[in-house]
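Q: Can you keep this structure in mind? I'll have questions shortly.
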Amino acid sequence: MSDEEIDEYPDGSVRLRNPHIQLMDQDILYHLALGSESHDLVSMFGDVKFVCLGGTPKRMEQFAFSIMDEIGHKLPAGTTLLDISRYSYRYSMYKVGPVLAISHGMGIPSVGILLHEVIKLMYHARVRDPIFFRIGTCGGIGIEGGTVVISEDAVDGLLRPTLELPVLGKLLQRPAKLDKKLARELKSLASAEDPYDTVTGRTMCTYDFYEGQGRLDGAFCDYTEADKMHYMTQIHKAGVVNIEMESLSFAALTHHAGIKAAVVCVTLMDRLKNDQVLAPKEVLDEWQSRPQILVSRYIKRYLSMKGRLSLDGPGGSMCVKSPRRFKLVQQESETYD
């Protein structure tokens, strides 16, 4: 089967595509501070259906509390949401019933590291048919700040829908594909009463925030404003409606694992007009909630159809299988670079 034809396994399980994992005494997820033998990952995460990734720990903590209200999830008296990966000091992870909210940091390398470990987590937890969302911010191309963009495709700075990665001296190429049906379903949940537009289009993913995105305000700039505007106009004509730094890796790795995935971002500015974020903080805070609202609508509708709203349970409590291995995982995660 070619990469273009990759789909999930018939039973909905996640593809690892790594025979070495089965030979390991324990698979340590260093950057999540979890392990396949130190923790009972099936008990902790076996009921997960939705994995929601966003840039910062604070944003994903806010999303966790928000989705808890939306789906009516109740925590036991005297408890609060737990940052499951707090001992890693790299990413934050919160569990709200069938929803995982995880920070992914900034850029392709950061989200790539996280996805390797989250995909392995889904495998070890025996999760079936998970749905992944990236919820984030971006720069718009020809659309105003505050617009919600659902990505139809992810491309690189040369408009190629492929993630390139040097592996053992060779350039590996993986198709970056998002689920078209999921994107359409998300678009159908945009309300005419929303005080902002929700659009679909092609997303450009870059490896750099400044020169890679044609900004004029970096430490280095070897092109003119006219050069920048010509490039922005050309990619806009090619269907690019926004630019960010994670979608290419997110689309390629989820597709390779057979996981249904979507990218929903809010624009912070129109790059045809300026490079810098000029909106005040309170406006930005409201804008950043907009992708979360759309994804929450999808999750709530899905759970309502399945009769799974108002779920009670702990907010990501630890289930330790081996105290000795648990301590080892903590130490490894704290010192791993």
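Q: Based on Cβ point charges of +1 for Lys and Arg and -1 for Asp and Glu, what charge dipole magnitude is obtained for region 209-251 about its Cα centre, in debye rounded to the nearest 20? Display every interim value, and only then the final one.
A: Numbers: 3 positive and 7 negative charges, 39 e Å.
Computed about the Cα centre, the dipole is about 180 debye.
Q: Moving to a separate point now. Once the piece of chain linking residue 11 and residue 184 is laid out straight, how much longer is it, given 0.36 nm per residue of separation minus the C-alpha distance between them? Kindly include the intermediate steps, with their values, before the conclusion.
A: Working: separation 173, 0.36 × 173 = 62.28 nm, distance 2.43 nm.
Stretched out fully, the residue 11 to residue 184 stretch lengthens by 59.9 nm.
Q: Something else: Could you work out how far the C-alpha centroid of region 248-300 sits from that of region 50-86, in angstrom?
A: One Cα centre to the other: 18 Å.
Q: Further, regarding this structure: Just the ratio, please: alpha-carbon radius of gyration of the chain over 2.2 N^0.38 Å, N its number of residues.
A: Details: Rg = 20.0 Å, N = 337, 2.2 N^0.38 = 20.1 Å.
Relative to the rule-of-thumb radius for its length, the chain sits at 0.99.
Q: Can you give the angle from 0 to 90° between the axis of helix 247-256 and the longest principal axis of the chain, with both taken from C-alpha atoms, to the nearest 10?
A: Tilt relative to the chain: about 50 degrees.
Q: So, one more: Taking the highest mean first, how do the peptides 243-254, 66-77, 175-186 order by number of other beta carbon atoms within 10 angstrom per residue? If you can, show how the numbers build up before the last one.
A: On the way: 243-254: 27.6, 66-77: 15.9, 175-186: 17.8.
By packing density, highest mean first, the sequence is 243-254, 175-186, 66-77.
Q: Excluding ligands, DNA and RNA, what is the solvent-accessible area per residue of the chain at a probe of 1.4 Å, expressed in Å²?
A: Details: 15600 Å² over 337 residues.
Value returned for the chain: 46 Å² of accessible area per residue.
Q: Okay, moving on. Suppose R0 equals 30 Å. What FRET efficiency, 1/(1 + (r/R0)^6) with r the Cβ-Cβ distance, do residue 116 and residue 238 give to the nearest 0.05?
A: Working: r = 31 Å, r/R0 = 1.02.
Given R0 = 30 Å and the Cβ-Cβ separation, E is 0.45.
Q: Would you calculate the convex hull of the Cα atoms in region 175-298 and tell me its volume per residue in Å³?
A: Numbers: hull volume 16.0 nm³, N = 124.
Enclosed volume per residue, from the Cα hull, is 129 Å³.
Q: Which shape class, rounded, prolate or oblate, goes with region 5-163 when its Cα gyration tensor gives a ≥ b ≥ c as root eigenvalues, a/c under 1.5 marks rounded, and past that a/b bigger than b/c marks prolate?
A: Details: a/c = 1.69, a/b = 1.15, b/c = 1.46.
Since a/c reaches 1.5 but b/c is at least a/b, the shape of region 5-163 is classed as oblate.
Q: Pairs 177/300; 49/260; 58/177: which exceed 22 Å Cα-Cα? Walk me through the intermediate numbers first.
A: Numbers: 177/300 25 Å; 49/260 11 Å; 58/177 28 Å.
From the list (177/300; 49/260; 58/177), the Cα-Cα distance tops 22 Å for 177/300; 58/177.
Q: Turning to a different aspect of this structure: Any idea what angle helix 57-71 forms with the longest principal axis of the chain, computed on alpha-carbon atoms, 0 to 90 degrees, nearest 10?
A: Long axis of 57-71 versus the principal axis of the chain: about 70 degrees.
Q: Which one, 146, 78, 112, has the greatest fluctuation when you compute a Gaussian network model over the chain with C-alpha springs under 10 angstrom?
A: For the chain, modelled as a Gaussian network with Cα springs under 10 Å, the answer is 78.
Q: Note down the magnitude of the dipole of the chain about its Cα centre, charges +1 on Lys and Arg C-beta and -1 on Asp and Glu C-beta and zero elsewhere, to the nearest 20 debye.
A: Values: 39 positive and 44 negative charges, 188 e Å.
Taking the Cα centre of the chain as origin, the dipole is about 900 debye.
Q: For the chain, which cysteines have no second Cys with its Cβ under 4.7 Å from theirs?
A: Here 52, 205, 221, 319 come out as lacking a disulfide-compatible partner, given the Cβ-Cβ threshold of under 4.7 Å.
Q: Which lysines have a Cα less than 24 Å from the Cα of residue 273, not counting those fewer than 8 places away in the same chain?
A: Correct list for residue 273: 228, 237, 281.
Q: Normalised by the number of residues in the chain, what is the relative contact order in percent for Cα pairs under 8 Å and 6+ residues apart? Write down the numbers at each step before the final one.
A: On the way: 688 pairs, mean separation 99.9, N = 337.
Dividing the mean separation by the residue count of the chain yields 30 percent.
Q: May I pose another question? Less than 16 Å from a label point 7 Å out along the Cα-to-Cβ axis of residue 56: which backbone N atoms in region 125-148 qualify, by residue?
A: Output list for this probe position: 135-139.
Q: Express the carbon and sulfur contribution to the solvent-accessible surface of the chain as a percent, rounded to the nearest whole number, probe 1.4 angstrom.
A: Numbers: 8220 of 15600 Å².
Exposed carbon and sulfur together represent 53 percent of the surface.
Q: For the chain, what does -39500 (n - 2.57) per DSSP helix run (n ≥ 4), summed and divided by total residues, give at 222 nm, in deg cm²/dmol to the nearest 500?
A: Details: 8 runs with 108 residues, N = 337.
The helix contribution divided over the chain gives -10000 deg cm²/dmol.
Q: Right, here's the next one. Would you be so kind as to identify which of 274, 18, 109 lies farthest towards the positive end of the dipole of the chain, taking Lys and Arg as +1 and Asp and Glu as -1 on Cβ and the Cα centre as origin?
A: Selected residue: 18.
Q: Once R0 is set to 51 Å, what does the formula 1/(1 + (r/R0)^6) return for the Cβ-Cβ distance between residue 285 and residue 23, expressed as a FRET efficiency to the nearest 0.05?
A: Values: r = 47 Å, r/R0 = 0.93.
Calculated transfer efficiency: 0.60.
The values are calculated or read from the model by the stated rules, or taken from the named source; none is laboratory data. Owing to the predicted nature of the structure, the values given are computational and were not obtained by experimental measurement. Backbone-built Cβ (ideal geometry, glycine too); neighbour counts: all protein chains shown. To get the accessible areas, we keep the full protein, side chains included, count just its heavy atoms, and leave off ligands, DNA and RNA. Shrake-Rupley method; radii C 1.70, N 1.55, O 1.52, S 1.80 Å.
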